[in-house]
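Student: Here it is: the structure, laid out below.
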Amino acid sequence: MTSSIPGNRELPPSQYDLSTYWGRVRHAADIADPRMMFVTSSGLENAKSLISSYKQSQIPNMTPELWRAKKVVDSTIHPDTGEPVFLPFRMSSYVLSNLVVTGGMLTPGLKTTGTLLWQITNQSLNVAINSANANKSTPLSLSQMAQSYLMAVSASCSVALGLNALVPRLKNLNPNTRLILGRLVPFAAVSSASALNVFLMRGEEIRQGIDIYPVLSELEKKKREETGEPVQSIGKSKKAATLAVGETAISRVLNATPIMVIPPLILVRLEKTAWLKARPRLVMPINLGVILATSLFALPLALGAFPQRQAISAKSLEEEFWGKGGLDGQVEFNRGM
């Protein structure tokens, strides 16, 4: 994400070990830190200036201030374009952007109109987030984006309305089980549609492929720092794109699962208590509070499931890339988020 900043010297990819799951979770927690929403344009420029000083060897070693600057840039700048991601669609805004929408979808007793409106709103937000954070080496046209959006909305609404109609007909289940299943309908709709949304919004990547790059050895990195020669793409791989999009779709489901399952189950239990029955106005604030708490923990756990900058063997891709890998025959690509 700092490649667009002037200077030949590369920053370490993270202060955490990205080869481990917990290292990636801690790194994702930095990127998704809601406090990064409040970084001003001057704060971003100061961070970029500090990183540029390091990349031009004016600062010899990484410092806490430099790590903070990298956190600002990583959570704000798109790694392919070098431009800031629109604020509401950054990962640092993800929890708050989704809070009201998720709360709406999980509102008890939603009728058909409410279900449709919240599912449409949710998929609209998903389209914007998926588009803003996708790999930009193969962009989607406006017509393709509109078509994908309509298909995602149709899928989520169909699943939600279909399950809402089905659950009351399960007469052999006891009322409490039917109540719980009814509360979990949004989870089924959101999970299936979220995965489909990723594939639809990033389908052009799979059809055309995404840029892949050779993994450089330390010696090659040093040489590049001296010459300033950029790392060139060795081509576009459809297999790498399929892997990138598939992993992103899985991470969306992993993120949605605790958010759409834990709060409704907790609320079902709380609604049976005398305390909440006497205070019905607290149902919505409690629901939003549980969703917020769950979301803050769930997002880094889901984002850390797969590396964002991923290295794989060139032999696992198309034959044209065999023998073109860098260190240990590997190539790397930006998975997107």
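Student: Could you grab me the full set of residues in the stretch 164-210 that are of a type in the set (Lys, Arg) and more than 27 Å from the chain's Cα centre (by Cα)?
Tutor: Scanning the stretch 164-210 gives Arg169, Lys171, Arg178.
Student: Is at least one residue of the stretch 77-89 under 29 Å from Val283 (Cα atoms), open to solvent by 10 Å² or more (accessible area, probe 1.4 Å) and not β-branched (Val, Ile, Thr)?
Tutor: Our first condition is that a residue be under 29 Å from Val283 (Cα atoms); within the stretch 77-89, this holds for 88-89.
Applying the additional criterion that residues be open to solvent by 10 Å² or more (accessible area, probe 1.4 Å) yields 88-89.
Checking which are not β-branched (Val, Ile, Thr) leaves us with 88-89.
Yes: the stretch 77-89 contains one or more residues that are under 29 Å from Val283 (Cα atoms), open to solvent by 10 Å² or more (accessible area, probe 1.4 Å) and not β-branched (Val, Ile, Thr).
Student: In the stretch 267-282, is there at least one residue being out of contact with any Asp or Glu (no Cβ under 8 Å at 6 or more places or on another chain), among the small types (Gly, Ala, Ser) and at pLDDT 85 or above? Before the answer, list the steps.
Tutor: The first filter runs over the stretch 267-282 and keeps only residues out of contact with any Asp or Glu (no Cβ under 8 Å at 6 or more places or on another chain), leaving 267-276, 278-282.
Among the residues that remain, those that are also among the small types (Gly, Ala, Ser) are: 274, 278.
Filter once more, keeping what is at pLDDT 85 or above: 274, 278.
Looking for residues that are out of contact with any Asp or Glu (no Cβ under 8 Å at 6 or more places or on another chain), among the small types (Gly, Ala, Ser) and at pLDDT 85 or above, one finds at least one in the stretch 267-282, hence yes.
Student: OK, next. Being without any contact (Cβ under 8 Å) to a residue 60 or more places away in the chain and either part of a helix (DSSP H, G or I) or in contact with a helix residue (DSSP H, G or I) (Cβ under 9 Å, 6 or more places away or on another chain) (or both) narrows it down to one residue among Ser148, Ser131; which is it?
Tutor: Testing whether each residue is without any contact (Cβ under 8 Å) to a residue 60 or more places away in the chain and either part of a helix (DSSP H, G or I) or in contact with a helix residue (DSSP H, G or I) (Cβ under 9 Å, 6 or more places away or on another chain) (or both) leaves just Ser148.
Student: State whether one or more residues within the stretch 207-218 are assigned to a helix (DSSP H, G or I) and surrounded by 16 or more Cβ atoms within 10 Å (Cβ to Cβ). Step through it out loud before you land on a result.
Tutor: Residues of the stretch 207-218 assigned to a helix (DSSP H, G or I): 207-208, 218.
Narrowing further to those that are surrounded by 16 or more Cβ atoms within 10 Å (Cβ to Cβ): none.
Scanning the stretch 207-218 turns up no residue that is assigned to a helix (DSSP H, G or I) and surrounded by 16 or more Cβ atoms within 10 Å (Cβ to Cβ).
Student: Within the stretch 219-237, take every residue that is under 31 Å from the mean Cα position of the chain (by Cα) and within 15 Å of Val331 (Cβ to Cβ) and give me the one that is least open to solvent (accessible area, probe 1.4 Å).
Tutor: Of everything passing the filter in the stretch 219-237, Ser237 is least open to solvent (accessible area, probe 1.4 Å).
Student: All but one of (1) surrounded by 13 or more Cβ atoms within 10 Å (Cβ to Cβ); (2) free of Cβ contacts under 8 Å to residues at least 40 places away in the same chain hold for Asn174; state the number of the condition that does not hold.
Tutor: (1)
Student: Are any residues in the stretch 54-64 at pLDDT below 90 and not aliphatic (A, V, I, L, M), and if so, which ones?
Tutor: Tyr54, Lys55, Gln56, Ser57, Gln58, Pro60, Asn61 - these are the residues of the stretch 54-64 that are at pLDDT below 90 and not aliphatic (A, V, I, L, M).
Student: Identify, please: which residue in the stretch 148-171 is open to solvent by 60 Å² or more (accessible area, probe 1.4 Å) and of a type in the set (Ser, Thr, Tyr) and is, among those, farthest from Asn130 (Cα to Cα)?
Tutor: Applying the filter and picking the extreme gives Ser158.
The values are calculated or read from the model by the stated rules, or taken from the named source; none is laboratory data. Everything numeric here is computed off the predicted structure, so don't read it as measured data. Ideal geometry is used to build each Cβ from the backbone, glycine not excepted, and the neighbour counts take in all protein chains shown. The protein model used for the area step is the full one, side chains on, heavy atoms only, and it has no ligands, DNA or RNA in it. Shrake-Rupley method; radii C 1.70, N 1.55, O 1.52, S 1.80 Å.
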